[in-house]
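Notes follow once the structure below has been shown.
The values are calculated or read from the model by the stated rules, or taken from the named source; none is laboratory data. What you are looking at is a predicted structure, and each value in this text was computed from that prediction instead of being measured. For neighbour counting, all protein chains shown are included, and Cβ atoms are generated from backbone atoms with ideal geometry for every residue, glycine included.
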Amino acid sequence: MFPEYRDLITRLKAEGTNHRFLHLFEKHNDLDHKIQAMESHDAGGIHTEIETLKKEKLHVKDELYTILRQEATTG
């Protein structure tokens, strides 16, 4: 995710001062793992739930990108 910001992501995680970023980063990873687990066991009945989680994950990713762009210009 965001290879152009890999160093910045590492720095933000290590510093631990941007709590919003840390929360969103963890939430994104949790959603990713949940989606992968559901997809590997999907019998067709939970397709809409997976799609909902994917939309939420995309929203979180957009928020992370906004924070990264802000941090890149101010940090």
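Give the range 1-19 a look and list any residue that's part of a helix (DSSP H, G or I) and surrounded by 11 or more Cβ atoms within 10 Å (Cβ to Cβ), or say none.
Correct list: 5, 8, 9, 11, 12, 13, 15.
Would you mention how many residues in the range 39-72 are modelled with pLDDT under 95 and either closer than 18 Å to residue 10 by Cα or of a type in the set (Gly, Ala, Ser) (or both)?
Residues that pass the stated criteria total 4.
Just to be sure before I move on: is residue 30 out of contact with any strand residue (DSSP E or B) (no Cβ under 8 Å at 6 or more places or on another chain), surrounded by fewer than 12 Cβ atoms within 10 Å (Cβ to Cβ) and either in contact (Cβ under 8 Å) with a residue 12 or more places away in the chain or acidic (Asp, Glu) (or both) in the structure I sent?
Spelling it out, it is not the case that residue 30 is out of contact with any strand residue (DSSP E or B) (no Cβ under 8 Å at 6 or more places or on another chain), surrounded by fewer than 12 Cβ atoms within 10 Å (Cβ to Cβ) and either in contact (Cβ under 8 Å) with a residue 12 or more places away in the chain or acidic (Asp, Glu) (or both).
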